[in-house]
Amino acid sequence: MIELFLNEERYENDIRALLMAFYHGEKIFARKLGTDAGENSVKPGVGGENLVSRTLEVVYAGGGLRLTLKDGDGQVLGESCRAVFPSDHTEGKNCLKTALYDLLCEAAGRTLPWGTLTGIRPTKLPMAFYDSGRSQEEAAEYLRQTYKVSEEKIRLCTQVAANEKRILEGVDKERSFSLYIGIPFCPTICLYCSFSSYPLNIWAKEVDHYLEALFKEIRQVRSMVDKSCMTTVYMGGGTPTSLNGEQMDRLLSVLEENFDLNIAREFTIEAGRPDSVTQDKLRVIKNHGIERISINPQTMNQKTLDVIGRRHTTEDVERAFDMARRVGFSNINMDLILGLPGESSEDVANTLERIGKLAPESMTVHSLAVKRASRLNQNLELYPPASQEEVNRMIHMAWQAAEAMGLEPYYLYRQKNMAGNLENVGYAKPGKECLYNILIMEEKQSIIAVGAGGTSKILYPEENRIERVENVKSVKDYIERIDEMIERKRQKFPKSGIFEKRA
Ligand code: SF4
């Protein structure tokens, strides 16, 4: 545990984020420190001496800043002071983060690949440079000087932002929307899963009831929007191919009856679990004119698949992929996770080699994120995380493998509690990128979500804000309260723009 003592709450979240980046997996316990750190203060170590690994004191006083880092025995590991602390909020934040970052680097004997950047969308920074006509070099220099980002991540971040800008060209983001359809069923539940997903062996009887509710929501949403404004459609979950062929056919037919799918620039269906993929389902999807699917191995090491609770073999992944190619899919994505329990760089090398032989059009590489609601989080002592250096090596290997496969990075985001505090990156052959992934990440287009657990995000560009409309997560509640879900949308959707009602 790390004890954090502050005399003011200013920037507490930023301090926590940097501490977590350096000391991944340690709990942080914050307390108020008296303005005079010598008196009136709670002394470090009180209430848990045996558990405290480090103490950080943050004192804003006399217009300056003082940071003191101590070990569990109260020995000073390092200090950092700024005689003048900026009053401007952003400048103050950058000043504090830089001082703390330098202190932690020295104490830990290492730097972080993303420097002081802890936000989830680092590409926003270079994107703002490009939007104002400034160059890639200027964006790189800003990341280097202001945030101490490593050269490798600068290259990644500026390249992704440039690709995003190119891909988004011609998309009227403010006058259009994308549609998300959630299918919250899976063959089994993965160790690291934090989605509201339901195992099919227990919930199979509810799938038809769920679809009836979903069809009702789709029909009602159709009456609330201008269907000519649809940019992309994405079916995720869960695992949409948990539906059988007949159910999938009915769902796609309902979508066709209510929306003009031909005008959508892209339609993706996640066929994530290879044990849910059959020739029959692939044919149904293909016959409805859908070209992009995602078959997600996560790893090609059997021992890891067994540990994470995916009850299929690595050969099943290859079989599902070959089947999809034979049915005629020309745009297949594959998702991987780096930093899975017990995996080394050699295991990742094996995964990348086998994926390389399959030659998908795109590959999405995630760093493992330990989500609060996952079984992994509840059993962390059984699955110690890989070191940051190891995950960094894996990420570097994935980038090299992507380049060798002719794939370029085109979208990027970070999450809290990621292995090695690193990132998720989507790589694709030019022209095969997933536009929906960029739109949802950039939060620059309204996303209408149907199904249990779906969150619609309505964009108000003039006010620079997003309004969220949430559906309930539980399948049972969704079925029982479908009219309420529809009413929520009816109440919150605006009455103009893409939300004009058209017959
Ligand atoms: S396939 Fe995805 S949604 Fe389904 S259990 Fe695994 S992580 Fe969760």
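The values are calculated or read from the model by the stated rules, or taken from the named source; none is laboratory data. Predicted model, so just to flag it, every value in this text is computed and none were measured. Quick reminder, even Gly has a Cβ in these numbers, built from the backbone with ideal geometry, and neighbours come from all protein chains shown.
For (1) within 17 Å of the chain's Cα centre (by Cα); (2) surrounded by fewer than 20 Cβ atoms within 10 Å (Cβ to Cβ); (3) part of a loop (DSSP other than H, G, I, E, B), each residue gets a yes or a no:
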site	(1), (2), (3)
320	no, no, no
325	no, yes, no
333	yes, no, no
340	yes, no, yes
349	no, yes, no
352	no, no, no
386	no, no, yes
389	no, yes, no
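Could you check, for region 204-211, whether at least one of its residues is within 13 Å of the ligand (Cβ to nearest atom), under 19 Å from residue 311 (Cβ atoms) and not in a strand (DSSP E or B)?
As a first pass, look at region 204-211 and keep what is within 13 Å of the ligand (Cβ to nearest atom): none.
No, region 204-211 contains no residue that is within 13 Å of the ligand (Cβ to nearest atom), under 19 Å from residue 311 (Cβ atoms) and not in a strand (DSSP E or B).
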| Across region 244-281, which residue is modelled with the highest pLDDT among those that are among the β-branched types (Val, Ile, Thr) and more than 23 Å from residue 319 (Cβ to Cβ)? | 254
| query | From 168, 191, 179, which residue is more than 9 Å from the ligand (Cβ to nearest atom), touching a Lys or Arg at 6+ places or on another chain (Cβ under 9 Å) and more than 16 Å from residue 241 (Cα to Cα)? | reply | 168
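Just the residues that are modelled with pLDDT under 95 and closer than 27 Å to residue 172 by Cα, please, taken from region 232-243. Working first, answer last.
Filtering region 232-243 for residues modelled with pLDDT under 95 gives 237-238.
If the condition is that a residue be modelled with pLDDT under 95 and closer than 27 Å to residue 172 by Cα, then 237 is the only one that fits.
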| message | Filter region 196-210 down to the residues that are in contact (Cβ under 8 Å) with a residue 24 or more places away in the chain and out of contact with any strand residue (DSSP E or B) (no Cβ under 7 Å at 6 or more places or on another chain) and list them by number. | response | 196, 206, 208, 209, 210
| said: Filter region 182-203 down to the residues that are crowded, with 23+ Cβ neighbours inside 10 Å and either touching a Leu at 6+ places or on another chain (Cβ under 8 Å) or part of a helix (DSSP H, G or I) (or both) and list them by number. | reply: 183, 185, 186
| remark: If we ask which residues in region 222-246 are assigned to a helix (DSSP H, G or I), in contact with a helix residue (DSSP H, G or I) (Cβ under 7 Å, 6 or more places away or on another chain) and over 16 Å from residue 457 (Cα atoms), their number turns out to be 5
| remark: For region 301-327, pairs from a residue that is under 17 Å from residue 385 (Cα atoms) to a residue that is at pLDDT below 95 and assigned to a helix (DSSP H, G or I), with Cβ under 9 Å and 6 or more apart or across chains, are 308/376
| message | I'd like to check something: does region 108-116 contain any residue that is in contact (Cβ under 8 Å) with a residue 40 or more places away in the chain, away from the ligand (no atom under 16 Å from the Cβ), assigned to a helix (DSSP H, G or I) and closer than 30 Å to residue 76 by Cα? | response | yes
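Quick check: anything in region 60-70 surrounded by 12 or more Cβ atoms within 10 Å (Cβ to Cβ), among the β-branched types (Val, Ile, Thr) and in a strand (DSSP E or B)?
Let us first name the residues in region 60-70 that are surrounded by 12 or more Cβ atoms within 10 Å (Cβ to Cβ), namely 60-61, 64-70.
Imposing the further condition that a residue be among the β-branched types (Val, Ile, Thr) reduces the set to 68.
Keeping just the survivors that are in a strand (DSSP E or B) gives 68.
Looking for residues that are surrounded by 12 or more Cβ atoms within 10 Å (Cβ to Cβ), among the β-branched types (Val, Ile, Thr) and in a strand (DSSP E or B), one finds at least one in region 60-70, hence yes.
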| Among the residues of region 220-237, is there at least one that is hydroxyl-bearing (Ser, Thr, Tyr), within 16 Å of the ligand (Cβ to nearest atom) and under 26 Å from the mean Cα position of the chain (by Cα)? | yes
| query | residue 158 is checked against (1) in a helix (DSSP H, G or I); (2) of a type in the set (S, T, N, Q); (3) within 16 Å of the ligand (Cβ to nearest atom) and fails just one. What number does that condition carry? | reply | (3)
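Among the listed residues 269, 308, 263, 290, identify the single one that is closer than 27 Å to residue 170 by Cα, within 16 Å of the ligand (Cβ to nearest atom) and out of contact with any Gly (no Cβ under 8 Å at 6 or more places or on another chain).
On the way: 308 fails: closer than 27 Å to residue 170 by Cα; 263 fails: within 16 Å of the ligand (Cβ to nearest atom); 290 fails: within 16 Å of the ligand (Cβ to nearest atom).
That would be 269, the only listed residue that is closer than 27 Å to residue 170 by Cα, within 16 Å of the ligand (Cβ to nearest atom) and out of contact with any Gly (no Cβ under 8 Å at 6 or more places or on another chain).
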